[in-house]
Amino acid sequence: MSAKTADKIATAVIVGVAAFIVLVLAGLLGFILYRGVGHISFHFLTSAPETIRKGGGIGPQLFNSVFLLVLTMIITIPIGLGAGIYMSEYAPANKITSGIRLIVEVLSSVPSIVVGLFGLLVIVNLFGFGFSLFSGALALTVFNLPLMVRITEQGLKGVPREQKEASLALGLSKWKTITSVMLPIAMPVILTGTILAAGRVFGEAAALLFTAGMSSPRLDFTNWNPLSPFSPLNPFRPAETLAVHIWKINSEGLAPDAAQIAAGASAVLVITVLVFNFAARWLGRYMYRKFTAIK
Amino acid sequence: MNSLIEINDLDLFYGDFHALKHVNLEIPEKAITAFIGPSGCGKSTLLRTFNRMNDMIAGTRIEGKVEIAGTDIYSKEVDVETLRKRVGMVFQQPNPFPKSIYDNVAYGPRLHGISDRKKLDEIVETSLRSAALWNEVKDHLKRSAYSISGGQQQRLCIARALAVEPDILLMDEATSALDPISTLKIEELAQELKDRYTIVMVTHNMHQAARVSQQTVFFLNGEVVEYSETEQLFSNPTDQRTEDYISGRFG
């Protein structure tokens, strides 16, 4: 067989495999959207679910998902940034540092159901936070944090050495160099990564079953006192998120339209995660252009 | 001429590699001193000891003394940041920050604590004038530093270094990435600046050293082979190796 034929065959195989993956993905997305989009309406997105009657919505679940995401990010971003900066700029290159790096890698690949059970034992029971948004946020932090650390570290490592040296050569301290030159340059990478991590949090279910819980109290959306048990803003109340809700109505839903609700909620979830991804790409490109702009 | 930098018996190691060997040198104040020699001869390494940029490389070890204006810059009392303010540096590649032209120059002074707008404007203008760039950029200081040519970017980097008011300016092959016309402009600029600053330049280009500097140091394998006034070194070298190098027989 001549080199040319071999090359042609290899190209055909690679293109075939790529096309297959794209088809599977498109089919999956198309199927979810096709089944669910028809069910999405303003009423569906804003009203409370029904247990046995038709016409329930996903309002509280949607709110819970967003609120949990915000809580998780509030915990993850500062710790992740700090650890990432340490790993990239301060940690000496020795065995302890590579040990930490290994642990971070392992932590990010722990199955989420295991994180959930760990959360149940430690956060919910031992620390006594109960089934609550806060417990859920802590559990999500466990596997969001490694991602955040790695993103920050990669972002900072990607800053050209010349830029860093230029700042240090002006007599600026390491910290000032990091905050005023390196972080702005690394920002597009960090931001894109953060949004992608956020998308993952949004779709997570297994880690939340035993931490944030599978039920919501009757939320009163006129009560904005974060200490009241019925206020949507109370971080110490149980909260069923969208992904958990889909799982629940699929497995034990009693409402006659449970299948449609699950389909609609799935579509909402997929659309939201897609929006996160596109937002990340767009923002990353926008910031890259802004920083290197030729005006 | 008074010497501003004095190097006594300096040895520098990168791990096991002996990069500088028993260097003794005096660098005169308010003049241009050129370091020449083939790649890997230690000229950039020595330059980077003057603002302690070698500190960042793990496994670097130094023996001997580097004194600037009588102070041993490797002694414990010396604050590296204060030292680097006094010893500015221009790098091989133009490396402006991804900020506006104005912010590039104002960056150093601002982070060293100057926040008064008028004072900053003044520093930016003076620095850009000193770097012979003011007339070319004064109407678009808010534009990105990447919008100007490579040669202009390098002069912007010089302006940025001058903005923190150093006494010494280190130029690490500052023209090697530039075209001949931009190179000539930087050389002319260096000539003007030498009345106010002590300039040490590392160069690959012997003709540049001959054109621009007053003193020339020839390095080989981490050692100073010959050090004298530029004219003397190029017209009448005392060491055979220097003669071989400047006549193009190696390197």
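The values are calculated or read from the model by the stated rules, or taken from the named source; none is laboratory data. Bear in mind the structure is a predicted one, so any value in this text is a computation, not a measurement. Counting neighbours? That spans all protein chains shown, and the Cβs are built from the backbone with ideal geometry, glycine included. The protein model used for the area step is the full one, side chains on, heavy atoms only, and it has no ligands, DNA or RNA in it. Shrake-Rupley method; radii C 1.70, N 1.55, O 1.52, S 1.80 Å.
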> Once label points are set 7 Å from the Cα along Cα→Cβ at both B:N24 and B:D72, what is their separation, rounded to one decimal in nm?
Replying inline: 1.8 nm
>> Going by amide H atoms built from the backbone, whose H comes under 5 Å of the H on A:G55, apart from near neighbours?
In response: A:D257
> Can you tell me the Rg and Dmax of chain A, counting just the alpha carbons, in angstroms?
Replying inline: 22.9, 76
>> Report the gain in length on full extension from A:L25 to A:S109: 0.36 nm times residue separation, minus Cα-Cα distance, nm rounded to one decimal.
In response: 28.0 nm
> Which percentage, to the nearest 5, of the DSSP beta bridges contained in the protein assembly as shown is antiparallel?
Replying inline: 60 percent
> Per 10 Å bin from zero, what fraction in whole % of the C-alpha pairs of the stretch A:147-258 is there, up to the bin with the longest pair?
Replying inline: 13, 25, 21, 18, 15, 7, 1, 0
> Under a 1.4 angstrom probe, counting protein chains only, how are B:E192, B:E223 ranked by accessible area, largest first?
Replying inline: B:E192, B:E223
>> If R₀ is 30 angstrom, what is the calculated FRET efficiency for the pair B:Q232 and B:L184, using the beta carbon separation as r and rounding to 0.05?
In response: 0.75
> With every protein chain present, what accessible area does A:W224 have (1.4 Å probe, heavy atoms only), rounded to the nearest 10 Å²?
Replying inline: 130 Å²
> Gap in Å between the Cα centre of the stretch A:7-86 and the Cα centre of the stretch B:71-85?
Replying inline: 55 Å
>> For a Förster distance of 56 Å, can you work out the FRET efficiency between the beta-carbons of B:K142 and A:M1, rounded to the nearest 0.05?
In response: 0.35
> So if we plug the beta-carbon distance of A:F230 and A:H43 into 1/(1 + (r/R0)^6) with R0 = 35 Å, what FRET efficiency do we get, rounded to 0.05?
Replying inline: 0.95
>> Need one value: the accessible area of A:L117 in square angstrom, 1.4 angstrom probe, rounded to the nearest 10.
In response: 80 Å²
> So, with +1 on the Cβ of K and R and -1 on the Cβ of D and E, and no other charges, what is the size of the charge dipole of chain A about its Cα centre, to the nearest 20 debye?
Replying inline: 820 debye
>> What is the angle, in °, between the Cα long axis of helix A:258-291 and the longest principal axis of the Cα atoms in chain A? Nearest 10 is fine, range 0 to 90.
In response: 20 degrees
>> If I model a spin label at B:E81 and A:D220 as a point 7 Å from the Cα along the Cα→Cβ vector, what separation in nanometres do I get?
In response: 5.3 nm
> Simple spin-label model, 7 Å along Cα-to-Cβ: A:R101 to A:R35 in nm?
Replying inline: 4.3 nm
>> Just to confirm the number: angle between the C-alpha axis of helix A:242-252 and the first principal axis of chain A, 0 to 90 degrees, nearest 10?
In response: 40 degrees
> Quick one: how many Å² of B:T71 are accessible to a 1.4 Å probe, rounded to 10?
Replying inline: 70 Å²
> In a shell of Cβ-Cβ distance under 11 Å around A:G80, excluding A:G80 itself, what net charge do Lys and Arg (+1) and Asp and Glu (-1) give?
Replying inline: 0
>> Compute the distance from the alpha-carbon center of the stretch A:177-248 to that of the stretch A:126-155, in whole Å.
In response: 10 Å
> Could you sort B:E187, B:E29 by accessible area so the largest value comes first, with the probe set to 1.4 Å?
Replying inline: B:E29, B:E187
>> Can you tell me how the stretch A:109-168 classifies by the Cα gyration tensor, rounded, prolate or oblate, using a/c under 1.5 as the rounded cut?
In response: prolate
>> With +1 assigned to the C-beta of every Lys and Arg and -1 to the C-beta of every Asp and Glu, and no other charges, what is the dipole magnitude of the stretch A:140-295 about the Cα centre in debye, to the nearest 20?
In response: 860 debye
> In what order, largest first, do B:K185, B:K142, B:K99 sit by accessible area if the probe radius is 1.4 Å?
Replying inline: B:K142, B:K185, B:K99
>> Under the rule a/c < 1.5 gives rounded, and otherwise a/b versus b/c splits prolate from oblate, where does the stretch B:8-65 land using the Cα gyration tensor?
In response: prolate
> At 37 °C and 0.692 mPa s, what whole-number value in µm²/s does Stokes-Einstein give for the translational diffusion of the protein assembly as shown, with Rh from the Kirkwood sum over Cα pairs?
Replying inline: 117 µm²/s
>> Given contacts defined as C-alpha pairs under 8 Å and at least six residues apart, what's the relative contact order of the stretch A:189-243, whole-number percent?
In response: 32 percent
> Taking every eigenvalue of the Cα gyration tensor of the stretch A:47-184, multiplying by 5 and rooting it, what semi-axes result, largest first, whole Å?
Replying inline: 39, 19, 12
> Over the C-alpha atoms of the stretch B:3-247, what are the Rg and the largest Cα-to-Cα span, Dmax, in Å?
Replying inline: 18.1, 57
>> Based on C-alpha coordinates, I'd like the Rg and Dmax of the stretch B:76-192, in Å.
In response: 13.8, 46
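Evaluate 2.2 N^0.38 Å with N set to the residue count of the stretch A:1-122, then give the Cα radius of gyration divided by it. Write out the running numbers ahead of the final one.
Details: Rg = 24.0 Å, N = 122, 2.2 N^0.38 = 13.7 Å.
That works out to 1.75 for the stretch A:1-122.
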>> Using the Cα centre of the protein assembly as shown as origin and beta-carbon charges of +1 (Lys, Arg) and -1 (Asp, Glu), tell me which of A:G130, B:A58, B:N221 is placed farthest towards the positive end of the dipole.
In response: A:G130
